[in-house]
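The values are calculated or read from the model by the stated rules, or taken from the named source; none is laboratory data. Every value quoted in this text rests on a predicted model; they were computed, and no experiment measured them. Neighbour counts run over all protein chains shown; Cβ positions are idealised from the backbone, glycine included.
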Amino acid sequence: MTRRRTFVLSNLRRCGASLLVMGLVALTWTVSGEQVTQPSERDALRIRRSAPPDSAARQRFLAMFARAYFPGRTGQLLIVPREGDFITRADPNVEYMHGSPWSYDVSIPLMFAGPAVKTGVFSVPAAQQDVAPTLAVALGVQMPPTATGRILPVLRSGFARPRVVMLLVLDGMRRDYFDRYAASMPTLTALRRQSAWFTQAQVNVLPSNTAVGHSTISTGADPRVHGITGVSVYDRAQGRRHDLFAGGLPHDLVALTLADVWQLATAGRAIVLAQGSIDRAATPLAGHGACQLNGAPVVLASYDQQTGNWTTNPNCFRLPAYVKDRNASALWQADGEWMSHKIDSAAAVRYSALFPAFEADAMTAMIEREPVGADNVADLILLNYKGADFVGHKYGPDSSELRVTLGAMDRHLARMLRALEAKVGNNYLLAVTADHGMPSEPSSPDRRHFAQSIVDLLHERFDPEAKQLITSFEPENSQLFVDEDRLSALHLTLRDLAHVLESQPFVFAVFTHDDVRLAANAAK
């Protein structure tokens, strides 16, 4: 009897807490004496969501976190919700939250268009890290050894150097939008037909969010190299959250970007225009500007949701005067409504199809007013186009609001391209991709979960009086920061916390800091 009990307990430990949950469910049915031949739909769902995680998927997700492991920045617990479940915060502007490894968050568009490009459909795997090395070759340079991506086979033999290279990052743009909403996006649909289109482009790091995605695209490097592991990290020395790229500061990014490489290669003669509607997207596209050795103050326009103006960090970048005075308050009418939603503030108007016009106005003005294509040095344009992300977060991928917004983005993209073609004709190379996707409407209300509830769960279980164990949890980071001194004082380990989280029906896997560190070291 003792040997059998030891064997059972050993196997339960190997299978994990989720198998234990299944066993307890089965035990409940037996002890109650009920004659259950078919579980209810709700019970069946609970069983499916409690099943042992697929080991191959678990290892794949661990590898994705390992590519983003950076000492001192990676959290202590890294979470993967089950497919169809997602974790967000109690904010009506983020009813939907990305960050996971599931297809709706990591399947992204990727295409290259222009005279230098071999058109066609490419089924080879492609990742965000491949964009910068491929564009660098088109410019006639190489990315530094920090780049981990590869050069994609899209450039024609003997191609002429383009006068302009433009990188367009469609923030929050799932790849399937190109099929589902093709009728609303004639410009992007036409570009897709005339491009090198990659059917298997994927985000291959975790978390899948804006800061990580834009940094990976712009540097061609894994986050384990460029250092951006989320939208924020917890600064243990200062005892507070540190928002990456806040105020347009580029110093958190520890690898050179395409913009950095090109402005150094041309001794600052190339025109570099960068724009984004949030600091953590705009800044990594612009790179380090004048805040790197021998750097120049490239143009960077970043949207300020407090004032409604374009702004920049003047120590590193330049903001043209003709952009500085533009204000988003011109977008809304007297009633301040769009599709029956209030959008009468600089922050709220972003969650509407009106905002892409403001983004396009600024970029079009820069293309028209700056000497783009005026000499034999190729110029670089980098744009974070964020409407799909804002509206997707608030209304979801299946909403009429998103469809209308994608239509507006497409119309204004055509306007930006016309301005570019007025300068250089068709002699430009355009790369289009995304930083991440977005989950759809959950199949039931109980599949939307909130970060604070998870923090509360751990505090109630392990630190009910002080509630100091968890120091920070931003759901798009997929990482919990734990006070390890407090953990030790409570005679706990990270594995204790991980087991409790993995016993939750909405959690697929939880990795500890050591799990990810060991996987990262093994992959070197």
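Numbers for the structure displayed
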read-out: One residue from Val254, Val165, Val225 being in contact with a helix residue (DSSP H, G or I) (Cβ under 7 Å, 6 or more places away or on another chain), touching a residue at least 24 places away in the same chain (Cβ under 8 Å) and surrounded by fewer than 24 Cβ atoms within 10 Å (Cβ to Cβ); value: Val254
read-out: Failed item, numbered, when Gln306 is tested on (1) within 24 Å of Tyr395 (Cα to Cα); (2) at pLDDT below 95; value: (2)
read-out: Answer from Leu139, Leu110, Leu152, Leu62 - the residue that is surrounded by 17 or more Cβ atoms within 10 Å (Cβ to Cβ), over 28 Å from Pro445 (Cβ atoms) and under 16 Å from the mean Cα position of the chain (by Cα); value: Leu110
read-out: Candidate set from the stretch 168-207 (those that are in a strand (DSSP E or B) and more than 16 Å from the chain's Cα centre (by Cα)); member that is nearest to Gly149 (Cα to Cα); value: Phe198
read-out: Matching entry among Ala138, Ala116 (being over 20 Å from Gly437 (Cα atoms), modelled with pLDDT of 95 or more, touching a helix residue (DSSP H, G or I) at 6+ places or on another chain (Cβ under 9 Å) and in the same structural domain as His341 (by TED's automatic domain parsing)); value: Ala116
read-out: Number of positions in the stretch 424-446 that are buried (at least 19 other Cβ atoms within 10 Å of the Cβ) and not small (Gly, Ala, Ser); value: 9
read-out: Tally of residues being touching a residue at least 12 places away in the same chain (Cβ under 8 Å) and surrounded by fewer than 17 Cβ atoms within 10 Å (Cβ to Cβ) across the stretch 472-485; value: 1
read-out: The stretch 168-184 - residue that is closer than 15 Å to Val203 by Cβ and hydrophobic (A, V, I, L, M, F, W, C) and, of those, surrounded by the fewest Cβ atoms within 10 Å (Cβ to Cβ); value: Leu170
read-out: Members of the stretch 103-129 that are touching a Gly at 6+ places or on another chain (Cβ under 8 Å) and over 20 Å from Phe390 (Cα atoms); value: Ala127, Gln128, Gln129
read-out: Breaking point among (1) within 20 Å of His242 (Cα to Cα); (2) surrounded by fewer than 21 Cβ atoms within 10 Å (Cβ to Cβ); (3) under 21 Å from the mean Cα position of the chain (by Cα), for Gln468; value: (3)
read-out: Selection count, the stretch 297-312, where residues are part of a loop (DSSP other than H, G, I, E, B) and crowded, with 23+ Cβ neighbours inside 10 Å; value: 2
read-out: Selection count where residues are closer than 14 Å to Ile217 by Cβ and of a type in the set (Gly, Ala, Ser), scope the stretch 173-204; value: 1
read-out: Per-region count, the stretch 367-389, residues part of a helix (DSSP H, G or I) and surrounded by 24 or more Cβ atoms within 10 Å (Cβ to Cβ); value: 4
read-out: Qualifying residues in the stretch 337-360 (those that are closer than 18 Å to Asn384 by Cα and of a type in the set (Phe, Trp, Tyr)) - the one surrounded by the fewest Cβ atoms within 10 Å (Cβ to Cβ); value: Phe358
read-out: Filter result for the condition that a residue is under 15 Å from Glu474 (Cα atoms) and either modelled with pLDDT of 90 or more or buried (at least 18 other Cβ atoms within 10 Å of the Cβ) (or both), over Gly84, Gly75; value: Gly75
read-out: Residue tally, condition of a type in the set (Ser, Thr, Tyr) and touching a Gly at 6+ places or on another chain (Cβ under 7 Å), over the stretch 255-292; value: 2
read-out: Residue that is in contact with a His (Cβ under 8 Å, 6 or more places away or on another chain) and of a type in the set (S, T, N, Q), where the choices are Thr307, Thr257, Thr311; value: Thr257
read-out: Tally, over the stretch 113-131, of residues that are of a type in the set (Gly, Ala, Ser), within 16 Å of Tyr428 (Cα to Cα) and surrounded by 21 or more Cβ atoms within 10 Å (Cβ to Cβ); value: 2
